[in-house]
1. Determine the sum of side-chain charges near residue 57: Lys and Arg each +1, Asp and Glu each -1, restricted to other residues whose C-beta is under 12 angstrom from that of residue 57.
2. Explain nothing, just the number: relative contact order of region 115-189, from Cα pairs under 8 Å at least 6 residues apart, as a whole percent.
3. Would you kindly derive the ³J(HN,Hα) couplings of region 113-129 from the backbone phi angles with the Karplus curve 6.51 cos²θ - 1.76 cosθ + 1.60 (θ = phi - 60°), listing them in order in whole Hz, with x for Gly and Pro?
4. Between residue 170 and residue 194, what length in nm is gained on full extension when 0.36 nm per residue of separation is reduced by their alpha carbon distance?
5. Report the calculated FRET efficiency for residue 225 and residue 119 (r = Cβ-Cβ distance, R0 = 30 Å), to the nearest 0.05.
6. If the limit is 22 Å between Cα atoms, which of 115/222; 71/99; 71/115 go over it?
Amino acid sequence: MKKLLLPTLFFALFAASCQDDDVPVPPATADPYMSLSAGSTWNYELINNSTSTTSTYTITSTNRDSTVGTKAYHVFTNSAGTPNEYYNITGDDYYNFRKLPSVLGVSSVENIYLKDNLAVGQTWSQTYPVTVSGFAMNITVNNTISETGLSKTVAGTAYTNVIKVTTTFAVTVGGLPLPASALTTDIQNFYAPKVGVINTINKVDINFSGIVDHTDQVINLKSSDIK
């Protein structure tokens, strides 16, 4: 297996997006933990502790939706030059639609990244079958509501009623689970009302079949303008 393909897969589940045909969007419905209002902007800082580098990017909400299956996904642009980002809110469930690298044998996934009606300790999971260098794998993403009602300050801005989601991965290769020591993760996302994600911690260590990789990233919301 290629050295960086497995860690790339994990972050593709959270950081890549999928494009589709644009259609006019109806007026956005207000939602506590995500704004779909056209013209809203979010300015983020990405700190890569593995390479000691820092970069910034801006997410902008457009006035378009994109139909995927039975859902209308709202379209966001990313100043970092990555593909458009696609988000949907259905009831208390928050979805994104993501494009995966073609070498994984699957083009895209629909991911539920937040359920804002769950109590602390409640969970949800999704499993994605992929193929990596001829190896059949199942990647299971396990999410847990770790805390609710938090007060958290990010980049000098104080937020209240924040939800913390902790994410772990379980991997099976050819039907057999990876040893516990082969993959360790510390992935946490913090969501504030109306604003959405304000802070993300991504730490992944892999030591499996010749693949040794360490990823350590922090994303902070520097400022936002929610319409």
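Each value in this text was obtained by applying a stated rule to the coordinates, not by laboratory testing. Keep in mind it's a predicted model, so treat the numbers as computed, not measured. Backbone-built Cβ (ideal geometry, glycine too); neighbour counts: all protein chains shown.
1. -1
2. On the way: 134 pairs, mean separation 19.9, N = 75.
Worked out over region 115-189, it gives 27 percent.
3. Here the 3J(HN,Hα) series is 9, 8, 10, 7, 9, 7, 8, 4, x, 6, 9, 8, 9, 9, 10, 10, x Hz.
4. My answer for the length gained is 5.5 nm.
5. Numbers: r = 32 Å, r/R0 = 1.07.
E between residue 225 and residue 119, to the nearest 0.05, is 0.40.
6. On the way: 115/222 24 Å; 71/99 16 Å; 71/115 17 Å.
Among 115/222; 71/99; 71/115, the Cα-Cα distance tops 22 Å for 115/222.
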